[in-house]
Amino acid sequence: MRNQIRTTIILKTASNYLLPVLLIFSIFILLRGHYLPGGGFVGGLIASIAFILHSFANGLEKTRELIGIHPGYIIPMGLAVSFLSGFMPVLLYDLPFMTGLWSHDAVPILGHIGSALFFDIGVYLVVNGVTLTIIFTISESA
Amino acid sequence: MLTAILTGFIFAIFLVFTGKIFKGKLSILTSLIPLGLFIYFAGFISRISEGEVITRSYQWIPSFNVNLDFKLDGLSLLFTLMITGIGFLVFAYTSNYLKGHKYLDRFYGYLSVFMAAMLGLVLSDNMISLFVFWELTSISSFFLIGFNNDSEPSRKSAMTALGITGIGGLLLLAAALLFDNMAGTYSISEMVSMGEAIRGNEYYVLGVLLIFGAAFTKSAQFPFHFWLPGAMKAPTPVSTYLHSATMVKAGIYLLMRFTPILGGENVWNTTLIVVGGITMLYSAVHTIFRKDLKGILAYSTISALGILVFLTGLGTEDAFIAAAVFIIVHALYKATLFLVTGIIDHQTHTRDATKLNGLNKVMWPVGIAGILGAISSAGIPPSIGFLGKELIYDATTRSEFIVIILIIAIVLTKIFLLHAGFVAGIKPFTGKLPEEFSKVKMPPLILWVPPVFLAVLGMVFGLAPFLIDAPIIRPVVSSLLGGEAGEVHLGLWHGFNMVFILSLITIGVGTLLYILVKPSVKLVNAAAKFDKLAPEYLLNKFNQGFLWVSSYWTRFFQNGYLRNYVSMITLFVVLLVGYVILGSTHFKIDYTALTKVTISEIIVTLVLIAGVFYTVFTRSRLAAVVAMGVIGWSICLIFVFYSAPDLAMTQFSIDTLTVILFVLVLYKLPRYLKLSDYKTRIRDGILSSIFGVLIAMVALEVLSYPANNEIGDFYAQNAYLQAHGKNVVNVILVDFRGADTMIEISVLSIAAIGVFGLMKLRLKMSDRKRYQDK
């Protein structure tokens, strides 16, 4: 934001620590989604809130630098991941589109890993990208 | 047969890729396509004349009875020969007429699509494919009429033609659906065998009216005739093709095709006689008041179409023979005269009948074609036109209707048509050659051979009618009767009888009229006075009214104020849902159904209500937004109480983001805050209260229905078994209904792109100014 001079030092410092914590939390929410409340949609929203908080404290430019790419590019990446995860069964096993594929052995914390998880990761990316694109675009022209 | 129809379309596509390369140089070769098709169809003459009917069927959508059925019988054969035969001459003629035109390839493309569509139309035996081809002719003729697309009148008349014939096409579609209901089939042949049942059906009259609507608009019958003179804005080869042989005759074809199905009833015959009669007389008289050669020819075409409708209406075998012959007569002489007019226009750059004289001296072969064409159109022996006229008079005098009026009408029409034909075919070539035309050059061979050929053909058929009577005319009459026709023998001499006297009167009075009344500016002006009574004027008025209503409508509903859109939508929902709810619901409050309310629920609800009041009554935007956030979070808490943590989490994040978004947008708004006046506030207040109450009622109503838990149980039971997930909500999102989610995230992405595009759109200064001026 423009008026970053008025930003308090406390918020600035706090946001530096909050960003990684919130991001990890969002990934945690994403991964537990299949068994407990959570999932890609909420995870993506939390991640974008983390970035927005960071931009409030440090200014939009700083956050942009931190992300590295324009959030608009995250959207097609997410769409591609989701689509591929649904398309894999067709490619590999000649099964119908979006058939769930599952690993045999359970992984600690995550449980069974399946194509649904990758689908959810795609959703996470898309939601994150969409939210950041909209908010960044609007706050830029404000 | 399908290949024959598709040839034109394929060639048009071929032109898209190669048109630029062989532009103009080899355009004469394009005429080989219609020539080849002509030879192909001519090969069927002997089989058809023996009474054979050739059918082909290709499956298209069998489950709906929609197939590409084609049938070649006498009627179709006559039309295919005309379409391809005259098409051949027109294609060849165009290669010189539009030589060096920058869109020559495009022109050939449109023309061949049109030809193919026309072939499909006359060969279709399925009403749906008939409709498809019918509309294709309208669309391709739209491009042909508007070919000179940099001239406004051209574009306008193309639009008018498309509008009128397009509406007719929709009526044809309606007719197809209706007949499918009555006969249980789209096949025209099958309908012929069910003619009796269809004529007895209670919707028979409606079906007849729909067919009439389609045929009359396409064939320019009164009062839909005005698009045709306008269509003369097209290059002359187009006028030749569309108005002598093909497009406008499609309506006639339709009427003839349906004669064995719908004909024989009073509604059918009387209407056709009246409409055809009015059309033929009205536009024949109109030719006197024109001085543009193409204008004269256009009105005489309408008149000829009127005669054909009239003959179809008479409904006797004689009348059908006359109609079949007259189709050939008209195609030959009208194509001749149009091509001649085209040459005159091409060489002298004028079509003004008052100025053209004595061109015989500079281009005598064209003169021969013109004069022969005029003779055939006048019905002077030994042309085929004479034969046609005799047959028409004969059929009229022997009809069962009010004979004397019909005879007067047809004789008058013929007299005026003779005048028109003479003005178009003879006047430009006789008399003294004006100084300005003395340097006019002889047209090239490829221009004058086609009209001469057609004109001579008219004479040949007149002298040797056996060439066409049994092979061509008889099968046509058979298809019109829906059975076998008797022997058809045509001859020039019918004996000295009533018909012959009428013929003499026609030729005598017509010639006298030609000598006395020459086209002049005075006559054109005299007719212009009555323009306000013409259907075209009325239609234009109607159009203006329609535009006024729609612009008023748009300004009222689409005024650009978000608040108006919201209230409109709300009001609409209130009226619609309110009507249903009030009509079908019994109101009863069952207190026993209330569950115990916990203290935390009471607190949240109170906070929520306070938030609502604060939002509505605060004077600060920021405060309102924050209060909205409070409302959203309270709802999240309610979700938590009723064990929907997923929903609560999402709602919580979304609400937070919404508040942030609002703040960002508010930041940009101007500082001042203009409050709406009391009236608006009360109005909005009432509307939103009603809306709120309604939504609450809907919610309660939904609760009172017994819930169907089958789906929920299925998900609960199978979530872990099939999708290895314990969180049912998530399993539904990513697995059971994953495709939905896939589409939803796509929609989200589109929304983000939309926002990005809107906000980043920076108009250049010049553009911005231009939009402000508007």
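The values are calculated or read from the model by the stated rules, or taken from the named source; none is laboratory data. Owing to the predicted nature of the structure, the values given are computational and were not obtained by experimental measurement. With ideal geometry, Cβ positions are generated from the backbone for all residues, glycine too; neighbour counts draw on all protein chains shown. These accessible areas exclude ligands, DNA and RNA; they are computed on the full protein's heavy atoms, side chains included. Shrake-Rupley method; radii C 1.70, N 1.55, O 1.52, S 1.80 Å.
Residue-by-condition table, conditions (1) of a type in the set (S, T, N, Q); (2) surrounded by 15 or more Cβ atoms within 10 Å (Cβ to Cβ); (3) in a helix (DSSP H, G or I):
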{"position": "A:45", "(1), (2), (3)": "no, yes, yes"}
{"position": "A:72", "(1), (2), (3)": "no, yes, yes"}
{"position": "A:85", "(1), (2), (3)": "yes, yes, yes"}
{"position": "A:96", "(1), (2), (3)": "no, no, no"}
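How many of the residues in segment B:232-249 are open to solvent by 10 Å² or more (accessible area, probe 1.4 Å) and under 20 Å from the mean Cα position of the chain (by Cα)?
2
Which condition number in (1) within 30 Å of residue B:419 (Cα to Cα); (2) in a loop (DSSP other than H, G, I, E, B) is the one that residue B:522 fails?
Here residue B:522 meets the rest and fails (2).
Out of all the residues in segment B:122-129, is one or more in a helix (DSSP H, G or I) and closer than 27 Å to residue B:338 by Cβ?
yes
Listed here are the residues, each with its yes/no results for (1) surrounded by fewer than 18 Cβ atoms within 10 Å (Cβ to Cβ); (2) farther than 30 Å from residue B:571 by Cα; (3) more than 8 Å from chain A (Cβ to nearest Cβ).
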| site | (1), (2), (3) |
| --- | --- |
| B:706 | yes, no, yes |
| B:711 | yes, yes, yes |
| B:727 | no, yes, no |
| B:732 | no, yes, yes |
| B:739 | yes, yes, no |
| B:750 | yes, no, yes |
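Answer with yes or no whether residue B:128 is modelled with pLDDT under 90 and among the β-branched types (Val, Ile, Thr).
Taking the combined requirement at face value, the residue does not satisfy it.
Restricting attention to segment B:697-717, report how many residues are touching a residue at least 12 places away in the same chain (Cβ under 8 Å) and either touching a Ser or Thr at 6+ places or on another chain (Cβ under 8 Å) or not aliphatic (A, V, I, L, M) (or both).
3
Going by the structure shown, is residue B:47 over 21 Å from residue B:480 (Cβ atoms), among the basic types (Lys, Arg) and modelled with pLDDT of 85 or more?
Against the criterion (over 21 Å from residue B:480 (Cβ atoms), among the basic types (Lys, Arg) and modelled with pLDDT of 85 or more), residue B:47 does not qualify.
Got a sec? Which of B:307, B:328 is in contact with a Gly (Cβ under 9 Å, 6 or more places away or on another chain), open to solvent by 10 Å² or more (accessible area, probe 1.4 Å) and either of a type in the set (S, T, N, Q) or within 25 Å of residue B:457 (Cα to Cα) (or both)?
Answer to the selection: B:328.
For a quick check of your reading of the model, give me the residue pairs whose first member lies in segment B:629-658 and is more than 14 Å from chain A (Cβ to nearest Cβ) and part of a helix (DSSP H, G or I), whose second is small (Gly, Ala, Ser) and surrounded by 18 or more Cβ atoms within 10 Å (Cβ to Cβ), with beta-carbon atoms closer than 8 Å and at least 6 apart or on different chains.
B:630/B:611; B:631/B:611; B:634/B:611; B:637/B:648
In segment B:46-64, is there at least one residue being within 28 Å of residue B:339 (Cβ to Cβ), part of a loop (DSSP other than H, G, I, E, B) and touching a residue at least 60 places away in the same chain (Cβ under 8 Å)? Working first, answer last.
Start the filter on segment B:46-64 by keeping residues that are within 28 Å of residue B:339 (Cβ to Cβ), which leaves none.
Scanning segment B:46-64, I find no residue that is within 28 Å of residue B:339 (Cβ to Cβ), part of a loop (DSSP other than H, G, I, E, B) and touching a residue at least 60 places away in the same chain (Cβ under 8 Å), so the answer is no.
Would you mind telling me which numbered condition in (1) in the same structural domain as residue B:702 (by TED's automatic domain parsing); (2) under 53 Å from the mean Cα position of the chain (by Cα); (3) not β-branched (Val, Ile, Thr) residue B:622 fails?
The one condition residue B:622 does not meet is (2).
Out of the residues in segment A:48-95 meeting the condition of being over 18 Å from residue A:121 (Cα atoms) and polar (S, T, N, Q), tell me which one is farthest from the other protein chains (Cβ to nearest Cβ).
Among residues in segment A:48-95 that are over 18 Å from residue A:121 (Cα atoms) and polar (S, T, N, Q), the one farthest from the other protein chains (Cβ to nearest Cβ) is A:58.
What number of residues within segment B:214-229 satisfy the criterion of being surrounded by fewer than 20 Cβ atoms within 10 Å (Cβ to Cβ) and part of a helix (DSSP H, G or I)?
Of the residues in segment B:214-229, 0 are surrounded by fewer than 20 Cβ atoms within 10 Å (Cβ to Cβ) and part of a helix (DSSP H, G or I).
Please go through (1) surrounded by fewer than 19 Cβ atoms within 10 Å (Cβ to Cβ); (2) more than 9 Å from every other protein chain (Cβ to nearest Cβ); (3) modelled with pLDDT under 90 for residue A:35 and return the number of the only condition it doesn't satisfy.
Of everything listed in (1) surrounded by fewer than 19 Cβ atoms within 10 Å (Cβ to Cβ); (2) more than 9 Å from every other protein chain (Cβ to nearest Cβ); (3) modelled with pLDDT under 90, residue A:35 misses just condition (2).
When residue B:394 is evaluated against the numbered criteria (1) crowded, with 24+ Cβ neighbours inside 10 Å; (2) closer than 20 Å to residue B:280 by Cα, which criterion, by number, is the only one it fails?
All conditions pass for residue B:394, except number (1).
Taking the residues in segment A:96-111 that are without any contact (Cβ under 8 Å) to a residue 40 or more places away in the chain and farther than 19 Å from residue B:733 by Cα as candidates, determine which candidate is farthest from the other protein chains (Cβ to nearest Cβ).
Start the filter on segment A:96-111 by keeping residues that are without any contact (Cβ under 8 Å) to a residue 40 or more places away in the chain, which leaves A:96-108.
Next cut, farther than 19 Å from residue B:733 by Cα only: A:103-108.
On the way: A:103: 9, A:104: 11, A:105: 12, A:106: 9, A:107: 12, A:108: 15 Å.
The residue in question is A:108.
Report, by residue number, each residue of segment A:104-129 that is open to solvent by 40 Å² or more (accessible area, probe 1.4 Å), on the phi < 0 side of the Ramachandran plot and not in a helix (DSSP H, G or I).
A:104, A:105, A:106, A:107, A:108, A:110, A:112, A:113, listed by residue number.
Which one of these does residue B:622 not meet: (1) within 30 Å of residue A:32 (Cα to Cα); (2) open to solvent by 60 Å² or more (accessible area, probe 1.4 Å)?
(1)
Do you know which of the residues in segment B:53-72 that are surrounded by fewer than 23 Cβ atoms within 10 Å (Cβ to Cβ) and among the charged types (D, E, K, R) is nearest to residue B:191 (Cα to Cα)?
B:71
So, residue A:90, is that one surrounded by fewer than 14 Cβ atoms within 10 Å (Cβ to Cβ) and not in a strand (DSSP E or B) or not?
It is true that residue A:90 is surrounded by fewer than 14 Cβ atoms within 10 Å (Cβ to Cβ) and not in a strand (DSSP E or B).
For segment A:112-141, what are the residues that are within 18 Å of residue A:31 (Cα to Cα), facing chain B (nearest Cβ under 7 Å) and not hydrophobic (A, V, I, L, M, F, W, C)?
Within segment A:112-141, A:112, A:114, A:120 qualify.
Is it the case that some residue within segment B:408-419 is surrounded by fewer than 16 Cβ atoms within 10 Å (Cβ to Cβ) and at pLDDT 85 or above?
Let us first name the residues in segment B:408-419 that are surrounded by fewer than 16 Cβ atoms within 10 Å (Cβ to Cβ), namely B:408.
After this cut, where a residue has to be at pLDDT 85 or above as well, the list is B:408.
So far as segment B:408-419 goes, yes, one or more of its residues are surrounded by fewer than 16 Cβ atoms within 10 Å (Cβ to Cβ) and at pLDDT 85 or above.
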